[in-house]
Amino acid sequence: MTDHGANLTDRITEDWLRERPDLDLSALAIVGRLSFVAENVISPVGERAVERHGIGKGDFDVLATLRRTGAPYTLSPSALSAALMMSRAGMTKRLDRLDKAGLVERTLDTADRRSFRITLTGEGRRVVDAALTDLAATLTGLTAGLTAEELDGLERGLNALSRASERTTHPPDARA
């Protein structure tokens with residue numbers, strides 16, 4: 001990776017420091033770097049890793065969600081929608097595509113004949129396992145240049161940032 005993202009973030013931060021020296025912009029620089037790496041490094045290499053297996057990121061997400069539930073690798077469409085935080089209409093489109101490709105199958109729910117269950121097929125399991133293996137190797141290669149201390153610090157920092165964002169985006173109910 002070039003220093004383009006680091007240089008761009010440095011330049012933006014320096015510009016704002018010149019224009020607004022009254023503000024603490026250290027968080028802007030950190031989040032800018034994080035955003036650049038997520039959007040321009042991690043996302044593209046992850047997408048390429050799963051696309052080598054004939055599926056897109058969205059399809060991988062559905063297959064991986066089914067796979068990690070364990071045998072028999074079955075969920076309802078509404079459970080998949082909730083797990084992936086997407087609309088039911090969007091999920092239906094993905095499921096239609098995956099069903100047509102033979103990677104999932106729809107069956108009537110024996111407990112509620114008005115509902116369907118989505119099950120990972122043997123081919124779906126093969127594809128998602130191969131894609132996950134490739135994705136894991138790709139991401140491991142991406143982080144291979146970091147020391148154990150850097151990886152640990154990065155993980156601790158990102159976990160703390162995630163917890164902080166949960167507190168600010170979902171504050172405790174004041175009535176409780």
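The values are calculated or read from the model by the stated rules, or taken from the named source; none is laboratory data. Being a predicted model, the structure only gives us computed values, none of them experimental. Quick reminder, even Gly has a Cβ in these numbers, built from the backbone with ideal geometry, and neighbours come from all protein chains shown. We work out accessible area using only protein heavy atoms, side chains counted, and drop any ligands, DNA or RNA first. Shrake-Rupley method; radii C 1.70, N 1.55, O 1.52, S 1.80 Å.
Listing for the model above:
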{"read-out": "Carbon plus sulfur fraction of accessible area for segment 8-61, probe 1.4 Å, in percent", "value": "58 percent"}
{"read-out": "Shape category assigned to segment 12-82 from the gyration tensor of Cα positions, a/c cut at 1.5", "value": "prolate"}
{"read-out": "Protection-proxy order for peptides 138-148, 96-106, each taking the mean of Cβ atoms within 10 Å per residue, highest first", "value": "96-106, 138-148"}
{"read-out": "Sorted peptide list for 125-133, 20-28, criterion being average Cβ within 10 angstrom, highest first", "value": "125-133, 20-28"}
{"read-out": "Per residue accessible area in Å² of segment 1-143, where ligands, DNA and RNA are left out and the probe is 1.4 Å", "value": "62 Å²"}
{"read-out": "Net dipole in debye of segment 1-157 [+1 Lys, Arg Cβ; -1 Asp, Glu Cβ; about Cα centre; nearest 20]", "value": "1080 debye"}
{"read-out": "Extension gain from Ala38 to Leu151, taking 0.36 nm per residue of separation minus the Cα-Cα distance", "value": "39.1 nm"}
{"read-out": "Of Gly90, Gly145, Gly58, farthest towards positive along the dipole that unit charges on Lys, Arg, Asp, Glu beta carbons give the chain", "value": "Gly90"}
{"read-out": "Given charges at Cβ of Lys, Arg, Asp, Glu: the chain dipole, positive-most of Pro77, Leu23, Thr107", "value": "Thr107"}
{"read-out": "For segment 109-171, size of Cβ-based charge dipole, Lys and Arg +1, Asp and Glu -1, in debye", "value": "440 debye"}
{"read-out": "Heavy-atom accessible surface of segment 85-176: percent carbon and sulfur, 1.4 Å", "value": "56 percent"}
{"read-out": "Accessible area (Å², 1.4 Å probe, nearest 10) - Arg163", "value": "140 Å²"}
